[in-house]
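Novice: Submitted below is the structure of interest, expressed as C-alpha cells.
Please treat every number below as a calculation from the coordinates, not as lab data. Since we're looking at a predicted model, the values are computed, not measured. So basically every Cβ, Gly included, is an ideal-geometry build from the backbone, and we count neighbours across all protein chains shown.
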C-alpha cells in the first residue's frame with residue numbers, strides 16, 4: 001500500500017521501497033525526501049498532481065489518502081423543511097386565471113419575507129425543483145417588495161437566451177396583464193406591432209433614457225425588465241457599458257432586485273459575464289437584492305456555487321482562486337485540470353443556510369411519470385455502415401483518445417442509428433428512405449399509437465439535422481411544430497404557442513438545447529428522446545417540460561435506442577448502471593480523456609485494446 005497522510009502543510013507518503021513508485025513521486029513538483037523519517041513529502045496543493053501521476057499505472061488502486069478534507073465525499077442537498085409560520089394573509093399572490101396558489105408557493109413567500117425581516121437583505125438562492133414554477137414565486141416576491149419597500153425596478157437576467165420570452169409570457173399570464181414586462185433593447189418595426197430584440201447599444205439606450213422601444217417621448221420602462229446574460233459582454237473600448245449602467249441604476253436607487261434565471265448556466269466566474277456580475281456586486285454592495293435561480297444545485301460542482309453564494313453574501317472568500325483551492329483538487333501538467341473535490345460537506349452547510357429547496361415529490365401530488373425504453377434493430381444497411389465506421393475508429397484509437405474531444409468521434413456512430421443520410425451522402429431522403437432507417441420507422445409507429453389515444457407528443461434530438469428528416473415524414477401525417485436554435489425567435493415562439501394552445505397541432509420537434517429546458521409544454525403527455533443526451537441532467541430537464549405544475553395526467557417518457565450500438569451502451573452507463581460518478585468530472589459527461597476504457601466500452605465489450613508486445 002502507498003499511504004498518503006496529511007500532516008499540516010504537507011502530505012507524507014509512506015511506501016515500501018519500489019523504484020517505480022519513487023520515479024512516479026519524483027514527477028511531482030515540490031516533493032522532498034526526508035531521510036530521518038524515511039518518507040517523501042509533497043505540498044498540500046500537489047495532492048491532485050500525485051493522484052494524476054498514479055492514474056493508469058499498476059499502483060493506482062494501492063494509493064490510500066488519509067485527510068480531514070473529505071476527499072471526493074459528496075453531500076446531497078436536503079429539502080428545506082423549516083418554513084416560518086408567519087401570517088401572509090394580507091399579501092396578494094398572483095396566479096393564472098382559474099388557478100390558485102399552491103401551498104409551497106405561499107411557503108416561498110413566508111420564507112422570503114422572514115429572511116429579509118431577519119436582516120438578510122442580499123437575497124437567497126431559489127433552488128426549487130424543476131417544474132415548481134420558480135418564475136411565479138420570484139415574480140410575486142418582487143411585487144411584494146415593490147409594495148412594501150418601494151422597489152423601483154426588478155431586473156431579470158436570463159442565462160438561456162430564449163427564456164426571456166417565457167418570462168414575458170409568465171408575468172403577463174400570472175398578473176392577467178396588469179404587469180407588462182419589457183425586454184431591454186426591444187424595438188418596434190414599421191407596423192408598430194412586431195417587436196424585435198436589438199443589441200447592447202439599444203439596451204443601453206433604454207436604461208439611459210428610461211423609456212421603452214427607443215422612444216424618448218414614449219412610455220417609461222415598467223417594473224420588470226428582462227435581459228440576456230450575454231448582454232453583459234457588451235463593450236466599448238475597455239468599458240463594459242451595460243454593466244456600468246446597471247451599477248449606476250442600483251446606486252441611484254432605480255434598481256433594487258436582480259433575479260438570475262438558470263444561474264448554473266453561462267455564469268462561470270472566469271467568463272466575461274461572470275466577472276461582470278461579480279463587478280456589479282462589488283460596486284453596489286448590499287444595495288440590491290439578488291435571487292439566483294436554479295433547479296439543479298449540484299454540490300459535486302463547487303465551481304458553480306461560488307458566484308451565486310458571492311452575490312448573496314453567502315461566503316467570505318475574496319476571490320475565485322481561493323475558493324477553488326478550498327474545494328477542488330487539481331492535477332496534471334499546468335495544474336489546471338480538476339480531478340476531484342474536497343470539503344463538500346462544508347460547502348453543503350453554506351448552501352443550506354442560504355437556499356430554499358423543495359422537490360416536486362415533497363410538495364406536489366403529481367400523477368406518475370412512466371419510463372419506456374424502446375429497442376430497435378438497425379437495418380442491414382445501417383449495420384454495414386455502422387460496422388465500417390466502428391472498424392475505422394478501432395484503428396484510430398490512439399489518435400482519437402489524444403484529441404481534444406474524443407467523444408466527438410462517436411457522433412457519427414449515433415448518426416448512423418438515427419440519420420444515416422448524414423454519414424452517407426449517397427442515401428436519398430425520398431419515398432424509399434424508410435427502408436434504411438429503423439429508428440425513424442419506430443418513431444412513426446409510436447406517434448401513431450399516441451395519436452390513437454388522442455394525445456400530443458414532444459420529440460427531442462441532440463442535433464438539428466435529424467429533425468429536418470423527421471419533419472419531412474412526421475408532417476405528412478400530423479400537424480407538426482418545430483423549435484430549434486436555427487429558427488428565428490419570433491417564429492419558434494409562435495410554433496410553441498400553437499402547440500400549447502391549438503388542439504389540431506399534436507407534435508413538436510425540437511433540439512434538447514433549445515426546447516429541452518425552461519419551457520412549459522404541458523399540453524403534451526408524451527416525450528420522446530429520438531436520441532438521448534450525453535448528460536443525465538439534460539434528460540431530466542427535458543422530461544420536466546411536460547412533468548410540472550399543470551400536469552394533470554400521467555406522462556410517458558420514451559427513449560428509442562438502437563440495440564447493441566453506442567446508443568445502447570451510453571444508456572446503460574448513464575441511466576441504468578449508476579456509474580455516472582466514475583465517468584463524469586465537473587459535469588463533463590463521459591470524460592473519455594480521464595477514462596480511456598470508455599472507448600472500449602462504447603464500442604462493445606467484445607473489443608479490447610491489443611496488448612503491446
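Novice: Let me have the relative contact order for region 1-149, percent, based on Cα pairs under 8 Å that are six or more residues apart.
Specialist: Relative contact order for region 1-149 comes out at 19 percent.
Novice: Then there is this: Please pull out the direction-averaged projected area of region 369-602, using the convex hull of its alpha-carbon atoms, in nm² to one decimal place. Numbers along the way, then the final one.
Specialist: Numbers: hull surface 52.4 nm².
Mean orientational projected area (region 369-602, Cα hull): 13.1 nm².
Novice: Computed from the mean reciprocal separation of all distinct C-alpha pairs, what Kirkwood hydrodynamic radius does region 119-159 have, in Å? Provide the component values of the computation, followed by the final result.
Specialist: On the way: mean 1/r = 0.0860 Å⁻¹.
Answer for region 119-159: a Kirkwood hydrodynamic radius of 11.6 Å.
Novice: Quick check on region 357-470: take the gyration tensor over C-alpha atoms, sort the square-rooted eigenvalues as a ≥ b ≥ c, and tell me if it's rounded (a/c under 1.5), prolate or oblate.
Specialist: Since a/c reaches 1.5 but b/c is at least a/b, the shape of region 357-470 is classed as oblate.
Novice: Considering all projection directions equally, how large on average is the shadow of the alpha-carbon convex hull of region 10-110, in square nanometres?
Specialist: The number I arrive at for region 10-110 is 12.7 nm².
Novice: OK, next. For region 299-424, what is the Kirkwood hydrodynamic radius in Å, using each pair of distinct C-alpha atoms?
Specialist: 19.7
Novice: Still on this model: Estimate the FRET efficiency between residue 5 and residue 148 by the formula 1/(1 + (r/R0)^6), using the beta-carbon distance for r and 60 Å for R0, to the nearest 0.05.
Specialist: Efficiency at R0 = 60 Å is approximately 0.60.
Novice: Something else: Return, for the Cα atoms of the chain, the radius of gyration and Dmax in Å, separated by a comma.
Specialist: 26.8, 86
Novice: Give me the log10 of I(q) over I(0) for region 238-321 at q = 0.11, 0.12, 0.13, 0.19 Å⁻¹, as the Debye formula computes it from C-alpha points; what are the numbers?
Specialist: Each listed q corresponds, in turn, to -0.28, -0.33, -0.39, -0.85.
Novice: Across 5 Å bins from 0, what is the distribution of all Cα-Cα pair distances for region 121-248, in whole percents?
Specialist: 2, 9, 18, 23, 21, 16, 8, 3, 1
Novice: Can you report the principal axis dimensions of region 2-66 using only the alpha carbons, biggest first, rounded to whole angstrom?
Specialist: The principal-axis extents, from largest down, are 28, 23, 20 Å.
Novice: Sticking with this structure for a sec: Which whole-number percentage describes the relative contact order of the chain, with Cα contacts under 8 Å and a sequence gap of 6 or more?
Specialist: On the way: 1020 pairs, mean separation 80.9, N = 613.
Reported relative contact order: 13 percent.
Novice: Same structure again: Of all the Cα-Cα pairs you can form in region 418-499, what percent are over 16 Å apart?
Specialist: Of the Cα pairs, 56 percent sit more than 16 Å apart.
Novice: So what is the relative contact order for region 1-51, in percent, with contacts set as C-alpha pairs under 8 Å and at least six apart?
Specialist: So the answer I get is 36 percent.
Novice: Next question. Run through the DSSP bridge list for region 2-66 and note the antiparallel percent, rounded to the nearest 5.
Specialist: Here the antiparallel bridges make up roughly 75 percent for region 2-66.
Novice: To the nearest 500 deg cm²/dmol, what mean residue ellipticity at 222 nm is calculated for the chain from DSSP H runs of n ≥ 4 alone, each contributing -39,500 (n - 2.57), summed and divided by the residues?
Specialist: Calculated mean residue ellipticity at 222 nm is -10500 deg cm²/dmol.
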